[in-house]
Structure formats: C-alpha cells, structure tokens
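Following: one structure in structure tokens, then a few remarks.
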Amino acid sequence: MPSTGGLAESWVEYTRFLVALTAVLDPPAAIPIFLNLTRDYSRAERSRTAWVTCAAVGGVLVVSALCGEFLLALMGTSLGAFRVGGGIVVLLMALSMLAAQPGRLRQTPEEAAEAVSKEAVAVVPLGIPLLAGPGAISTVIIQMDRGSGLLHKTLVVACIVVVSGLCWILLRNAEQVERFVGRIGLNVAIRLFGLVLAAIAVEFIVNGLKQMLPILNG
C-alpha cells in the first residue's frame with residue numbers, strides 16, 4: 001500500500017502537469033485571436049467553434065500522449081534529446097509570452113492572414129497550432145514518460161481533458177472574459193503563464209541533458 005508521502009508526491013506531480021499544460025496552451029492569449037477570427041459569427045456559431053476547437057485540442061494531445069513514445073522510437077530519437085528540444089521550444093514560447101506576444105511558434109502572420117478568409121477556423125489555426133502546438137505536444141509526451149501503468153496514463157489523459165475543458169469555458173465566454181478583465185488583464189495573465197512556463201522549460205532542458213549525459217548526475 002503506497003505511503004502518504006508517495007500519494008502526496010503523486011498528487012503534486014499531476015497538479016504541476018495541470019499547471020504546466022495550462023500555461024503552455026495559454027488560453028488568455030488565444031481569446032483575442034479567437035474573437036478576431038469569429039467576429040462575424042453568431043453567438044451559436046462562436047459557441048460551436050469553441051467546442052470544436054477544444055475537442056481538436058484534446059484529441060491531438062491525447063493521441064500525442066499515447067503514441068508519442070512509439071513515434072520517437074520510430075524516428076530513432078531518444079527521449080533525452082526530445083526533452084532538450086521540447087524544452088527549447090517551450091522556452092521560446094515563454095519568452096514570447098513574457099512580452100505578451102503570441103509568437104511565430106504558435107501562428108505565423110501568413111497563417112493568420114489565410115485563416116481570416118476561411119469559414120472553418122476551429123481546427124486550424126485555433127486548435128492547431130495556436131493551442132495544441134509543439135510546446136503542448138512536447139509537454140504531454142514528456143509527462144507520459146514520467147510514469148507507467150494504466151493509472152498513470154489515465155491521470156495524464158484526465159489532466160488533458162480538464163485543461164481542454166477550461167479552454168472551452170474561456171473561449172465560449174471569450175467576449176465576457178475580455179470585457180471583464182480587459183486587454184491589460186489578459187496581458188498580465190499571459191506574462192504570469194510565461195514566467196511559469198520558463199521555469200518548466202528549464203527543468204525540461206536540465207532533465208534532458210542529465211538523461212543524455214549521465215555524468216551530469218554526479
């Protein structure tokens with residue numbers, strides 16, 4: 001029977017993952033873009049778009065979590081190298097967030113311009129890559145590797161579902177959220193998420209280097 005300390009440590013681990021994934025997805029940064037891309041939509045259409053967007057985000061992240069290790073093995077990439085690479089991607093995103101900017105890792109200007117001319121924007125670019133981008137995919141794959149067994153996989157998937165649900169709530173009520181907190185409030189939230197994300201990125205990189213270079217563990 002697991003000790004109380006072990007249970008507490010597991011609880012903290014999955015709580016940290018929830019916070020990390022929320023910071024990586026950065027729903028406050030998506031709100032202005034979501035409102036811009038759906039500015040001509042009715043309330044019902046905007047609500048449906050929010051639902052499809054978050055369903056796509058959840059689906060992509062769950063598949064990445066469950067199949068990521070297999071794909072890495074197929075490509076011959078070590079998890080240590082992936083941790084370092086993923087950490088660098090997340091760090092670049094964090095730096096953009098600290099400047100309250102979406103950054104080109106999420107969406108390039110060309111993608112934004114093309115999206116405006118499309119009717120369906122829920123999956124691309126809102127779901128992918130704006131929310132479920134390289135940073136989020138890296139984060140779930142790394143988290144999945146931190147444990148084993150059905151319970152661990154179930155909890156990781158549950159965390160993804162919870163964060164996707166949070167994104168849905170915020171996007172579905174995007175107008176009210178922006179009106180309530182204002183653009184300054186959104187920028188403050190983005191910068192706070194960026195600070196958290198920078199620390200997480202450094203941890204990814206350090207752990208990856210230790211895995212690739214065991215001499216660093218000494």
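The values are calculated or read from the model by the stated rules, or taken from the named source; none is laboratory data. All figures in this text were calculated on a predicted structure; none of them were measured in a lab. Methodologically, a virtual Cβ is constructed for each residue, glycine included, from the backbone with ideal geometry; neighbour enumeration extends over all protein chains shown.
Here are the numbers for the structure shown:
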item	result
Complete set of residues in segment 165-192 that are small (Gly, Ala, Ser) and within 20 Å of Glu45 (Cβ to Cβ)	Ala174
The listed residue being closer than 21 Å to Tyr14 by Cα and either at pLDDT 90 or above or touching a strand residue (DSSP E or B) at 6+ places or on another chain (Cβ under 6 Å) (or both), out of Val177, Val156, Val196	Val156
Residue match in segment 13-34 (condition: β-branched (Val, Ile, Thr) and out of contact with any Leu (no Cβ under 9 Å at 6 or more places or on another chain))	yes
Count of segment 32-47 residues which are loosely packed, with under 15 Cβ neighbours inside 10 Å and not aliphatic (A, V, I, L, M)	6
Scan of segment 192-218 for residues that are within 30 Å of Val52 (Cα to Cα) and either of a type in the set (A, V, I, L, M, F, W, C) or surrounded by fewer than 16 Cβ atoms within 10 Å (Cβ to Cβ) (or both), ordered by number	Leu192, Phe193, Leu195, Val196, Leu197, Ala198, Ile200, Ala201
From the options Leu166, Leu186, Leu195, residue that is in contact (Cβ under 8 Å) with a residue 12 or more places away in the chain, within 29 Å of Ala81 (Cβ to Cβ) and either in a helix (DSSP H, G or I) or of a type in the set (Ser, Thr, Tyr) (or both)	Leu195
Qualifying residues in segment 183-218 (those that are under 22 Å from the mean Cα position of the chain (by Cα) and of a type in the set (S, T, N, Q)) - the one farthest from Asp26 (Cα to Cα)	Asn207
Top-ranked residue of segment 48-64 - restricted to ones that are of a type in the set (A, V, I, L, M, F, W, C) and surrounded by 19 or more Cβ atoms within 10 Å (Cβ to Cβ), ranked as farthest from Ile160 (Cα to Cα)	Ala50
Evaluation of Arg83 against (1) more than 14 Å from Met144 (Cα to Cα); (2) modelled with pLDDT under 90 (one fails), failing number	(1)
Selection from segment 86-117 of residues that are surrounded by fewer than 14 Cβ atoms within 10 Å (Cβ to Cβ), among the polar types (S, T, N, Q) and at pLDDT 70 or above	none
Top-ranked residue in segment 72-82 [being surrounded by 13 or more Cβ atoms within 10 Å (Cβ to Cβ) and part of a helix (DSSP H, G or I); ranked as nearest to the chain's Cα centre (by Cα)]	Phe82
Complete set of residues in segment 119-153 that are outside any helix (DSSP H, G or I) and either over 13 Å from the mean Cα position of the chain (by Cα) or at pLDDT below 90 (or both)	Glu119, Ala120, Val121, Gly133, Asp145, Arg146, Gly147, Ser148, Gly149
Residue match in segment 211-218 (condition: at pLDDT 90 or above, assigned to a helix (DSSP H, G or I), farther than 16 Å from Arg16 by Cα and among the polar types (S, T, N, Q))	no
